[in-house]
Amino acid sequence: MDNNINNHVSLWNLVYEKLKELLPGHAINTWFEPLVPITITDEELVIEVPNQFSYEWIDSHYQKNLVDAIGVVTENQISYRFIVSAKGQKKQKEESESYKKVEKVVEPAPNNLNKTYTFKSFIKGANNEFAKSAAQSVSESPGKNSFNPLIIYGGVGLGKTHLIHSIGNKIHEKNPRSKVVIVTSEKFTLDFVNSLRKNRTIEFAQQYRNADVLLIDDIQFFRGKEQTQEQFFHTFNVLQQAGKQIVMTTDKYPAEIKGLQERLLSRFQSGLSVDIQPPNLEIRIAILLEKAEQNGIRLDYNIIEFIAKHIKKNVRDLEGAIIRILAKSSLMNKEIDFQLVKEVIRERIGSSFSPELSIEDVVKKVSEISNVSEIEIVGKSRKMEVAEARQVSMYLCRKIIGTSLNNIGVFFGGRDHSTVIHAVKTIDEKIINKKHIKEQIESIKQELDFSLA
Ligand code: ADP
Ligand code: MG
């Protein structure tokens, strides 16, 4: 092999050049540009991928190209192996010139800890900051605070699993020797049932009772499982008495979980329960910006805002939308534009797709197109172009969003509803007689009307 390519960085550069010959630009930019060569052995080039999704995508779509490119460059002497970035962050690439850090040997973390779920990657907002602070405080001094147990509760996809893994990762990072046990309640149940079957309940109990930190995700699944709850109750007591930290997540305020034994619920009350609420619009925007960056895509702010306005339920859906947009753009060999984003949103939220425009949205758009400021539109000026922009806005509010005459009147400078009726009538007539109004209304409608029909 050429001396040049003994080093992982120069080898990767050659492979990368080769890939550029084999694949279209968008595939290179989306999937290969974010990869980072980590090290090379006699047999393998180790490449870091930014996240699990990229890993699976490249593996299922470009494996052959990658094998070919590496084959040509190394005369088939070297294969490759992917590792998923611990931080899931592309930024890392610029940060570290050499990757020695990564090669440093550390105690392995419990292998079911998801390393991408860290406090750093958890975006804080008013909806979750109490939960995040409590989780951080527990990781600073596990077992040595009054937050024991700590219970994080909230709806689906709001970050409970992310937070509980962040706790595990942080504790492991601070003290690699402390025994962090993290399981879902299903896994706990399954382990218990298996231990019963194999007569190994003692080993089962030990495995959990030796923990320094016990993290149990989704305890609502203990519901109705009496024997498992009994086991859990004992485990809980042993650990709590020994001053070990316990953290749990659940979908509801603990006292409201049906089917959990009273004695467990009353134990839970000795600690702290914190909730996570759904994110509001600003937080959704922040999350999307962050997730786009993590996935190495640049999205126009308008697009981000558009997604955030339509996908409201939870963070998982926001993330899903970003990934889907990425995938679609790559699969169909298309740039990420409004059209593509709309299609994805539409697929994801299906029939509940409704533009949910506000009067403000309408005024903003009319202002952009007519060059009359928003303040003037809602103001008192009788200048002809201002009055017309105002009438167009009123018309659109009435026709597109169906705002009541009264509310339109109030919004546009406290006018009474006969003024609004007059405006709508005037524009109706102008659409027939005046080409510029017709065109203006059509283009505004088109921009406001996100449906693709
Ligand atoms: P839950 O366990 O509450 O159902 P998850 O923790 O699985 O939700 O979160 C769903 C997805 O959303 C995960 O990929 C997680 O990383 C992401 N996520 C949730 N909340 C946040 C947040 N505040 N910041 C960054 N990512 C988040
Ligand atoms: Mg979860």
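The values are calculated or read from the model by the stated rules, or taken from the named source; none is laboratory data. Keep in mind it's a predicted model, so treat the numbers as computed, not measured. We place every Cβ from the backbone using ideal geometry, glycine too, and count neighbours over all the protein chains shown. What goes into the accessible areas is simple: the full protein's heavy atoms, side chains included, and nothing from ligands, DNA or RNA. Shrake-Rupley method; radii C 1.70, N 1.55, O 1.52, S 1.80 Å.
Report the paramagnetic label zone for Gln52: residues of segment 178-195 whose backbone N is under 15 Å from a point 7 Å from Cα along the Cα-to-Cβ axis. 183-184, by backbone N distance to the label point. The slack in the chain from Arg316 to Gln241, taken as 0.36 nm per residue of separation less the alpha-carbon distance, amounts to 23.4 nm. Helix 8-22 sits at what angle to the longest principal axis of the chain, using alpha carbons and giving 0 to 90 degrees rounded to 10? Taking Cα atoms only, the helix is inclined about 40 degrees. Using C-alpha pairs under 8 Å with a sequence gap of at least 6, the mean separation divided by the residue count of the chain gives a relative contact order of 12 percent. Helix 384-396 axis versus longest C-alpha principal axis of the chain: approximately 50°, rounded to the nearest ten. Over all Cα atoms in the chain, the spread is summed up by Rg and Dmax: 28.4, 88 Å. Give the separation of the Cα centroids, segment 207-247 to segment 61-79, in Å. Cα centroid of segment 207-247 versus Cα centroid of segment 61-79: 48 Å apart. Placing a label point 7 Å from the Cα of Tyr16 along the Cα-to-Cβ direction, none of the residues of segment 281-304 has a backbone N under 12 Å of that point. Rounded to the nearest Hz, the phi-derived 3J(HN,Hα) couplings of segment 45-50 under the Karplus curve 6.51 cos²θ - 1.76 cosθ + 1.60 (θ = phi - 60°) are 9, 9, 10, 8, 9, x, where x marks glycine and proline. Counting 0.36 nm for each residue step from Asn194 to Asp416 and taking away their Cα separation leaves a gain of 72.6 nm.
Amide H to amide H under 5 Å from Ile47: which residues, 5+ apart in sequence or cross-chain, H placed 1.01 Å off N in plane? Those lying under 5 Å, H to H, from Ile47 are Ile38, Arg81, Phe82, Ile83.
Modelled this way, with points 7 Å down the Cα-to-C-beta line, the labels at Arg346 and Glu360 are 2.7 nm from one another. For Thr118, the accessible surface of its heavy atoms amounts to roughly 40 Å² (probe 1.4 Å, protein chains only, rounded to the nearest 10). Label positions at Leu265 and Glu374, each projected 7 Å from the Cα along the C-beta direction, are separated by 4.8 nm. For the peptides 251-263, 146-158, the ranking by packing is 146-158, 251-263, with the highest mean count of neighbouring Cβ atoms within 10 Å listed first.
If you take the beta carbon distance between Lys179 and Lys334 as r and set R0 to 45 Å, what does 1/(1 + (r/R0)^6) give as a FRET efficiency, to the nearest 0.05? Efficiency, rounded to the nearest 0.05: 0.35. Relative contact order of segment 359-451, taken over Cα pairs closer than 8 Å and 6 or more residues apart, is 26 percent. As I understand it, the value is the acute angle between the Cα axis of helix 435-448 and the longest principal axis of the Cα atoms of the chain; what does it come to in degrees, rounded to 10? Orientation of helix 435-448: about 10 degrees from the principal axis.
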